[in-house]
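Everything below concerns the one structure shown next.
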Amino acid sequence: CPDCKCSYGEKSIRMFSKLRKIQPCLTAAKRLRHSSPREAFEAPDLKESVTSSFGSFVSRVEADHLSDIVLHRSKRMILDNIGVGILGSTGHVFGICLSYCQQMFAHDPVSSVYGRKGLKLSPTLAAFANGVAAHSMDFDDTWHPATHPSGAVLPALLAAAEMLPANSKPSGLDFLLAFNVGIEIQGRLMRFSQEANNIPKRFHPPSVVGTMGSAAAIAKLLSLNANQCINALAIAASLSGAPMANAATQTKPIHIGNATRLGFEAALLASKGMEGNVKILDKTIGCFGFSAFYGDYEPEKMAPLEQTHFLLEDQDIAFKRFPAHLGMHWVVDAAVSVRQLATTNDGAFSPSMIDKIILRVPVSRYINRPFPETEHEARHSFQFNACSALLDGDVNIESFSESKLQRDDLSQLLNKVELQHPEDNVASFEKMYGEVVLVLKNGDVLSGKCGTFYGHWRNPLSRESLLNKFKNNASYVLEQDKIKAIINTVENLEEVRDCSTLTSYLQ
């Protein structure tokens, strides 16, 4: 700061001075600190805490720490998430949330909304709306341990890039760094718990780690210092969480919308001087911090930067081939393979020859839905997706339309399904498998099994497949010239001088 030489982030000073959001000098804010937070903040052991190591990482990591593999994988994530977000902007849930956002007071309508030409919202509301779009069809990427990492971070960064004044626009490389910081924080936090390795039961992971990732990403984009980064994470922890009971409902996409919006807000509050518990990520006996979300929470400090590499380098991302819960991809591939065995030489497949369908899947209550009644329930139903794949030889966007949901031959097959849960079929996206067994009326038994579907991090989509998915999704809204411009911009993002140019193609 030119007045007191404090370490407030340079980009943030210029941004908030111009937008009249805060005073650039934080001297007054520092005077207003309560003594107990200040004493805790200045305590000698703070440098030894888990939380401080995270704050230091977020504030100090540079683009030079991003390997070629990390850059390549993160650009694939960005492109895919933009595509599913644009597609999601055509859905009913997105329409509800957009109407809500438009009715709220928006002092600075500066940030773009997927698929709505000329429409601007305030930055955090735009992040919310686009986050909802990204998950409205359950088509966004999935990581291990289980979460949807990109949708919780990307919409916030896109909105923030437009919010910054013209003389402070982040470059494409700045954008990539902030995005990867948001992804990294999510991955680190999930690895502090063995529970996180399994299909979730209590809360939806992106509503927790996604909020933290969004806060970290925005803190990085705004060049907040280490203390502010710590506070951003502490504030975000108090804005996190959503129960799994709302899976398979219209509310589930809001989990992602809230994660990206509330993490954004946490970073903005921290930039204004708001403080939280400076050991929020540490395991403190008798007082739960982030450990409130995981019963077996065992945090570890981040290594010094010179010893740190991004998790994305070792753990790739799963990209979905159709819009449904990740677990569905195993049973669909298994169903398609057994359907081929049951197809006659002339290419005919007759559902009437099936006496019973056995699905061998892991135990997971919220994706065991024998007779789904809505598209959201269908996206979370082992039974629906297996039977749809048997009938059509594929599952795609149209599979979840009302006409497909209500067809008689689907209902007949659903009545023939029996679920089995073998002991070796673990409820983990890393270890599970899907097996579909057809017991035919003539006594024959046919079986198809999938251990790793195409698109899983062990069997990633090719560039061609990922581009085809993006083009198909984006074509529901955008013209071909914009689709090509997005692909070119994302694939060359590290060379882009002003990353906010990307948003001009999204409507």
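Here, each number is a calculation from the coordinates, and none is a lab measurement. Predicted model, so just to flag it, every value in this text is computed and none were measured. Note: ideal-geometry Cβ built from the backbone for every residue, glycine included; neighbour counts use all protein chains shown.
Kirkwood analysis of segment 113-269, using all unique Cα-Cα pairs, places the hydrodynamic radius at 15.2 Å. Contact order, relative form, for segment 169-257: 35 percent (alpha carbon pairs under 8 Å, 6 or more residues apart, mean separation divided by residue count).
Given a cut-off of 30 Å, name the pairs among LYS201/LYS471; LYS272/LYS482; LYS301/LYS471; LYS117/LYS471 whose C-alpha atoms lie farther apart than that in the structure shown. Result: LYS201/LYS471; LYS272/LYS482; LYS301/LYS471 exceed 30 Å.
The slack in the chain from ASP108 to ASP64, taken as 0.36 nm per residue of separation less the alpha-carbon distance, amounts to 12.4 nm. Taking amide hydrogens as placed 1.01 Å from N in the peptide plane, the amide H of TYR433 sits under 5 Å from those of VAL426, each at least 5 positions away in sequence or on another chain. Electrostatic bookkeeping for GLY88 treats Lys and Arg as +1 and Asp and Glu as -1; over the other residues with beta carbon under 11 Å from its beta carbon, the sum is -2.
The simple spin-label model puts a point 7 Å past each Cα toward its Cβ; for SER504 and THR308 those points are separated by 3.5 nm.
In the chain, Rg over Rh equals 1.00, where Rg is the alpha-carbon radius of gyration and Rh the Kirkwood radius from pairwise Cα distances. Return the loop-located GluC sites (Glu not before Pro) in segment 360-450 (DSSP other than H, G, I, E, B) with at most 12 other Cβ atoms within 10 Å of their own Cβ; answer none if there are none. Answer in residue order: GLU373, GLU423. Amide H contacts for PHE203 (H built 1.01 Å from N in the peptide plane; partners 5 or more residues away or on another chain; cut-off under 5 Å): MET244. Here, segment 326-450 is characterised by an Rg to Rh ratio of 0.94, where Rg is the alpha-carbon radius of gyration and Rh the Kirkwood radius. Looking at the chain alone, DSSP beta bridges between its own residues are antiparallel in about 80 percent of cases. Each listed q (0.18, 0.22, 0.25, 0.27 Å⁻¹) maps to a log10 I(q)/I(0) for segment 132-210 from the Debye sum over equal C-alpha point scatterers, namely -0.77, -1.01, -1.18, -1.29. Taking amide H as placed 1.01 Å from N in the peptide plane, the amide H of THR249 sits under 5 Å from none that are at least 5 places away or on another chain. A viscosity of 1.567 mPa s and a temperature of 4 °C, combined with the Kirkwood radius over C-alpha pairs in the Stokes-Einstein formula, give segment 396-461 a diffusion coefficient of 88 µm²/s.
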